[in-house]
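The values are calculated or read from the model by the stated rules, or taken from the named source; none is laboratory data. Predicted, not measured: the structure shown is a model, and the values here were computed from it. Backbone-built Cβ (ideal geometry, glycine too); neighbour counts: all protein chains shown. Protein only, heavy atoms only, side chains kept; ligands, DNA and RNA dropped before computing areas. Shrake-Rupley method; radii C 1.70, N 1.55, O 1.52, S 1.80 Å.
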Amino acid sequence: MGHDARPVGVFDSGLGGLTVVRALLDLLPDEHLVYFGDTGRFPYGPKPAEEVQKYSIQITDLLLDAGVKMVVVACNSASAAALDLLRERVDVAVVGVIEPGVRAALGATRTGHVGVIGTVGTVSSGAYQRVAAALAGADVHLTCAACPGFVEFVEAGDVESEQVHILAERLLAPVIAEKVDTLVLGCTHYPLLARTISDVMGPDVVLVSSADETAFEVRATLEGNHHRPRPGDPQPVRRFLTSGDVSTFRNLGARFLGPEVETVEAWKW
Ligand code: DGL
């Protein structure tokens, strides 16, 4: 059986993808990892799909130059805009977050009424509707709502203030009105707002993040390709790169992810 000690590459527009990294570190603690947060150009959500595609290609090339054996698109906006394109362009496996999120929601819902919240780009792409229709047909009724502003609060380190609560009440009203029993956090930044979102949605609504399900897909892909490291390989190295402010990324990254975020490398486009 083959083995492969190259790192797994992960990217997002900023800090949100660290919610996926957390799940990866918990499930695959022996994997080396390179994370790129494009904080200098965030947010992706309001940008045209072509621009997000261009950035996603640049970052994927950078990760490949860093020697990764697969790429995890830990960003719904980039998954919606660029996943198919990236899969066509590169030789390594590319995993996104939308299909894992839909699968987790289908496993959690009892009524079939599922809400999805995400950025303007993700919601307007129709990607969630397409994946849900392919996986569950008419058995699921989706209500999608864009939540502009949430990502900016997270990147500023504000996840529980009164202002973010007031914004959540306004933005979540459409999914509350549809009486969903499950809500997909269709942006990797949103799990960091889970307490506020759950407060507003009420205790009966299950919040689903794609992080765990994505980590399972990464493991299955690595195992399927015989790309897992070997027991006894050197201690895993985790590299974090940002195109934005290094000390902000380090401080918030350590708060959101944990002690694994030690040194952060600056990247200039
Ligand atoms: N975390 C991202 C997502 O999952 C991107 C948010 C943004 O940059 O607007 O969509």
Exercise for review: Restrict the check to segment 150-170 and report whether at least one residue is out of contact with any Phe, Trp or Tyr (no Cβ under 7 Å at 6 or more places or on another chain) and under 18 Å from Val102 (Cβ atoms).
Suggested key: no
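For residues in segment 63-85 being free of Cβ contacts under 8 Å to residues at least 60 places away in the same chain and away from the ligand (no atom under 15 Å from the Cβ), which is farthest from the chain's Cα centre (by Cα)?
Taking segment 63-85 first, the residues free of Cβ contacts under 8 Å to residues at least 60 places away in the same chain are 63-65, 79-85.
Remaining after also requiring away from the ligand (no atom under 15 Å from the Cβ): 63-65, 84-85.
On the way: Leu63: 17, Leu64: 19, Asp65: 22, Asp84: 16, Leu85: 18 Å.
Among those residues, the one meeting the criterion is Asp65.
Please tell me if Gly37 is small (Gly, Ala, Ser), within 12 Å of the ligand (Cβ to nearest atom) and out of contact with any Asp or Glu (no Cβ under 7 Å at 6 or more places or on another chain). Talk me through it step by step, then tell me what you get.
Numbers: small (Gly, Ala, Ser): yes; within 12 Å of the ligand (Cβ to nearest atom): yes; out of contact with any Asp or Glu (no Cβ under 7 Å at 6 or more places or on another chain): no.
The answer is no for Gly37.
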Review point. Residues of segment 208-236 being open to solvent by 70 Å² or more (accessible area, probe 1.4 Å) and either under 14 Å from the mean Cα position of the chain (by Cα) or of a type in the set (Asp, Glu) (or both), which ones?
Key: Asp212, Phe216, Glu223
Revision key, fill the gap. Those residues of segment 41-57 which are more than 12 Å from the ligand (Cβ to nearest atom) and either farther than 12 Å from Val73 by Cβ or of a type in the set (Lys, Arg) (or both) amount to Pro48, Ala49, Glu50, Lys54
Check your understanding: Taking segment 236-269 only, how many residues are in contact with a strand residue (DSSP E or B) (Cβ under 6 Å, 6 or more places away or on another chain), within 13 Å of Val21 (Cβ to Cβ) and part of a loop (DSSP other than H, G, I, E, B)?
Key -> 2
